[in-house]
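The values are calculated or read from the model by the stated rules, or taken from the named source; none is laboratory data. Note that this is a predicted model, so its numbers are computed, not measured. Cβ placement follows ideal geometry from the backbone for every residue including glycine, while neighbour counts extend to all protein chains displayed. Areas reflect the complete protein model, heavy atoms only, side chains present, ligands, DNA and RNA absent. Shrake-Rupley method; radii C 1.70, N 1.55, O 1.52, S 1.80 Å.
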Amino acid sequence: MTDSHSGGSRSHKLWGGRFTGGPAPELEAVNRSIDVDFRLWPFDIQLSKAWAAALAQAGVLTNAEATELQQGLDEVGRRIAGGITLEGSDEDVHTLIDRLLHDVVGGVASRLHTGRSRNDQVATATRLWTKDACARLDARLLALQQALIAQAESLELDVMPAYTHLQRAQPVSGAHWMLSHFWPIARDRRRLAAAADACAVLPLGSGAIAGSAFPVDRSALQVALGFRAVSQNSIDAVGDRDFIAEVLFTLAVLGAHLSRLAEDLILFGSSEFAFVRFGDAYSTGSSMMPQKRNPDALELARGSGARMLGDLVALLGTIKGLPSGYNKDLQEDKRSLFDAVDGMSLLLPAITGSLASLTFNRARMKTAVTSTMMATDLADYLVRKQVTFREAHGAVGKLVREAEEKGVEMTELPFSSFKAASGSFEADALDELSPSTSLAHRNLDGGTGPDAVRRQIAAAKTSLTATG
Ligand code: ARG
């Protein structure tokens, strides 16, 4: 698409008969949405072809006229795909297609815009585009989930600290940590599917506000365009942008999830943690510091979560305060929608690639698991010997303090210290200070025990093929 509109407009408008002069250039400039909505063209052509068929079926057009319009619309599609020059009067994608259709088929083009309005047209085209975008995003999310599973499998037998308050808390399997980022994405995919389903209600036939005055068969339109239902109320249908809000909410939550994953990886890639090394293909260097290996894609994932959130807030802000029916404010919906979808479409493959390119320093991860991280296990040991958890917590607290004061690991304390802390400690208490014993206690569903993690990996794989 090239744009020649600065040289004045050859007038091809869908409105204007009731005005004496043309619009002020300042109005045209602010009103024009072609730069944003141009991408709707394949869907506008698709719905226009279906509309031509519906008008013929309702007896408004002859079959020959409908065929001529449909073939003309196909030719318009080919011309747009081949590259066209915009005119100043190309206010939006609907006006553009109407102009091109006139160029291709002549006067009969004027019959197509019967009984419809850009209000039901833009709502329909945007729903078609959004449904398609949801499918494209879902494929990218699936690829990310597959990369998460592959890395989880490689870490199944590796132990690392899990953190609360970003303080070393308890040992977990590396796979358990990795899959903690898998399930949120599974939920995001369910939300995305629900949002795609919300798109699948057909507004076409609603006209500007009161419904088309011609008896078009909306059920036939619904089937032809792949919708699951027709809208029940024309006033609602032309003003309803809930489906966009649902997509934007889904992407805002996904953005937060990706930010959290990115932040974990950025931290773990720092020299202080050094649990992971970013692959060459997903690292950038510094113009000044030759040693740098920067995880830019991950930082951008963290950063652009804010934009997705902004897009959601912008849309909700636009809707709030509008009266019912179509209002031009709604033209802003696509800016937010396209921004969020475009951002996410770029981001997801970069995150997936970054993730797949990671190499883990398993020895570092393991040595980060220190004996005090099993303090809870030691307390649980006493509980199994009928000590109350409160008492056990106190006894183990003493041991932790003693080890800290002496600057040694708890495993290095003499057994006499254990006995002094609680008479219920036996020689086997020291086993509790091993990370593998800690994990082995946790084979309940959702836990980090080896059997539970094996089941979790299997469940993650199954979830990728499960329907519904
Ligand atoms: N470009 C407009 C939009 O995106 C199309 C609908 C225009 N409708 C109208 N009554 N001016 O919302």
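Can you give me the accessible area per residue for the chain, using a 1.4 Å probe, in Å²?
Details: 21640 Å² over 468 residues.
I get 46 Å² per residue for this part.
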Quickly work out the Arg401-to-Arg384 label distance, labels modelled 7 Å from Cα along the C-beta direction, and quote it in nm with one decimal. 2.7 nm
Taking Lys131 as the anchor, which lysines have their alpha carbon closer than 22 Å to its alpha carbon, excluding any fewer than eight residues away along the same chain? Lys49, Lys334
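Tally the DSSP beta bridges in the chain and give the antiparallel ones as a percent, rounded to 5.
On the way: 9 of 13 bridges.
If we restrict to bridges inside the chain, about 70 percent are antiparallel.
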Over the Cα atoms of the stretch 304-380, what Rg and Dmax result, in angstrom? 23.2, 66
For a quick check of your reading of the filter: which chymotrypsin sites (Phe, Trp or Tyr not before Pro) in the stretch 139-245 sit in a DSSP loop and have no more than 16 other Cβ atoms within 10 Å? none
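Starting with the highest mean, order 94-100, 364-370 by the number of other Cβ atoms within 10 Å, averaged over the residues of each peptide. Don't jump to the answer; show the numbers that get you there.
Working: 94-100: 23.1, 364-370: 16.6.
Descending packing order for the listed peptides: 94-100, 364-370.
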Would you mind checking the stretch 408-430 for residues with the amide N under 18 Å from a putative spin-label position 7 Å along Cα→C-beta of Thr437? 409-430
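How much net charge surrounds Ser463 when only the other residues with a Cβ under 11 Å from the Cβ of Ser463 are counted, with Lys and Arg +1 and Asp and Glu -1?
Within the 11 Å Cβ shell, the charges total +4.
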Exposed-loop cut sites defined as GluC sites (Glu not before Pro) in DSSP loop states with at most 14 other Cβ within 10 angstrom; longest site-free run of the chain spans 1-271
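Where in the stretch 337-407 are there chymotrypsin sites (Phe, Trp or Tyr not before Pro) that are in a DSSP coil and have at most 10 other Cβ atoms within 10 angstrom of their Cβ? Numbers along the way, then the final one.
Details: sites: Phe338, Phe360, Tyr381, Phe389; in loops: none.
Counting only loop positions with at most 10 other Cβ atoms within 10 Å, none of the chymotrypsin sites (Phe, Trp or Tyr not before Pro) in the stretch 337-407 qualifies.
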For helix 242-269, what angle does its Cα long axis make with the longest principal axis of the chain, in degrees from 0 to 90 and rounded to 10? 30 degrees
Taking Cα atoms, the helix 182-199 axis meets the longest principal axis of the chain at an angle in degrees (rounded to 10) of 20 degrees
On the accessible surface of the chain, probed at 1.4 Å, how many percent belong to carbon and sulfur atoms? 54 percent
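For the chain, what is the calculated [θ] at 222 nm in deg cm²/dmol (nearest 500), taking -39500 (n - 2.57) for each run of four or more DSSP H residues and dividing by its residue count?
Working: 19 runs with 275 residues, N = 468.
It lands at -19000 deg cm²/dmol.
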Nearest-ten-degree value, helix 375-384 long axis tilted from longest Cα axis of the chain: 70 degrees
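From the square roots a ≥ b ≥ c of the eigenvalues of the alpha-carbon gyration tensor of the chain, which class results: rounded (a/c under 1.5), prolate (a/b over b/c), or oblate? Show your work: numbers first, answer last.
Details: a/c = 3.34, a/b = 2.66, b/c = 1.25.
Here the chain falls in the prolate category.
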